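No value in this document is a laboratory result; all are computed from the given coordinates. Note that the coordinates shown come from a computational prediction; the quantities given were computed from them, not determined experimentally. Cβ placement follows ideal geometry from the backbone for every residue including glycine, while neighbour counts extend to all protein chains displayed.
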Amino acid sequence: MHFSVKRRDKLQGHSDLPVTVKVQTYDEDLAEEDEFEKQILDGEIVTFEFDAHEFDVTCFVGEWQLDVWPSLTADDKDTLTFGIKKSNIDVIRYHESDVKAALETKQKLEREAEQQQVAALKQHASQIIDRKKVTIAALLALFILAPAVFGSLMAHDQHNEALRNFLIVVALVAFCVVGYIAISSGLHDNRCDKCNSNLVRIFKTDEKFRGTYSSQEHVMDRNTREMSWRQVVKTDFDISDYYCCDLCKHQWTNRYIRTTSAN
Ligand SMILES: [Zn+2]
């Protein structure tokens, strides 16, 4: 049989709130048979096709029941008209608060996911190069170390040895301070390619003999202070340093040739 449900709201302002129309069919023994569901907006009509001894029609907004027509048969009218009416207002409010709660839960989950992302992006201390220290070291080098070196050269030219010695001491102290700050900034640390952490270490080193050969070298003779050519025996080794990052567990290998020489 064809069975249609028409929606004509009597209470205005909810025409785009979808209503679910559910048809439950029963056989001769009134055992449940089939279940059909369709959504309907104000002004629309939905049609169901089924064969049943008896059937119930129920309208819902969300999980909430608006209206029910129980125990209909094929002998009843084949079209049923309903609409949201004033007495449904409570049910609609319950549904709206369900929707609001679901939205709030969704927003809460989204916020939590966002916070987790922010936490993941927050860097580990070992991944950060202290740019402030780099700047301080550069400024000290520019405004104290360089002028002290330059000043000591000038003082030497002017035969002011006392000033020269003082400026050399200033330059040495400045050099040590600049070096210390630059090193502690982490600028020149060995770093992981993947995460930029300086928690890297060599966990294994392979050394493979490559070959021995002799080569000419231009060297200064310590006694005569003259340059001369000398035959030197050299040995090459293939070195493989295996690194790993303790922060992200990334591993990599650095290969190079190490040469030792013997006279
Ligand atoms: Zn890493």
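Numbers at a glance
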| quantity | calculated |
| --- | --- |
| Under 5 Å, built H, 5+ apart or other chain: amide partners of Gly62 | Thr20 |
| Cα-based radius of gyration of the range 127-199 once divided by 2.2 N^0.38 Å, which approximates compact folds | 1.46 |
| Karplus (6.51, -1.76, 1.60) ³J(HN,Hα), θ = phi - 60°, over the range 235-249, in Hz, Gly and Pro reported as x | 10, 9, 10, 7, 10, 10, 9, 9, 9, 9, 9, 6, 8, 10, 6 |
| Reachable aspartates and glutamates, given that their alpha-carbon falls under 13 Å from the alpha-carbon of Lys106 and they are not under 8 places away in the same chain | Asp98, Glu114 |
| Share of pairwise Cα separations in the range 1-157, more than 18 Å, in percent | 73 percent |
| Radius ratio Rg over Rh of the range 2-92, counting only Cα atoms, Kirkwood formula for Rh | 0.98 |
| Restricting the range 197-258 to GluC sites (Glu not before Pro) in coil, as DSSP defines it, with at most 10 other Cβ within 10 Å | Glu226 |
| Ser4 long-range amide H proximity, modeled H, under 5 Å | Phe48, Thr79, Leu80 |
| The range 200-262, relative contact order in percent, only Cα pairs under 8 angstrom and at least six apart counted | 36 percent |
| Taking the C-alpha atoms of the chain, convex hull volume expressed per residue in Å³ | 332 Å³ |
| Residue-wise HN-Hα coupling along the range 175-182, computed from phi with Karplus coefficients 6.51, -1.76, 1.60 (Hz; x: Gly, Pro) | 4, 5, 5, 4, x, 4, 5, 4 |
| Positive-end residue, the chain charge dipole about Cα centroid, Cβ charges, pick of Cys195, Ile181, Ser214 | Ser214 |
| For the chain, calculated [θ]222 nm from helices alone, where every DSSP H run of n ≥ 4 adds -39500 (n - 2.57) | -10500 deg cm²/dmol |
| Restraint check, Lys208/Lys249; Lys22/Lys86; Lys86/Lys108; Lys22/Lys85, Cα-Cα greater than 24 Å | Lys208/Lys249; Lys86/Lys108 |
| Candidate aspartates and glutamates for bridging to Lys6, where Cα separation is under 16 Å - those fewer than 8 sequence places away on the same chain excluded | Asp16, Glu37, Asp42, Glu44, Glu49, Asp56, Asp67, Asp76, Asp78 |
| All Cα pairs of the range 178-263, percent lying beyond 22 Å | 55 percent |
| Estimated vicinal HN-Hα couplings, Hz - the range 159-169 in sequence order (Karplus 6.51, -1.76, 1.60; Gly, Pro = x) | 6, 9, 5, 5, 5, 4, 5, 4, 5, 5, 4 |
| Radius ratio Rg over Rh of the range 112-263, counting only Cα atoms, Kirkwood formula for Rh | 1.17 |
| At most 13 other Cβ within 10 Å, DSSP loop - trypsin sites (Lys or Arg not before Pro), the range 90-119 | none |
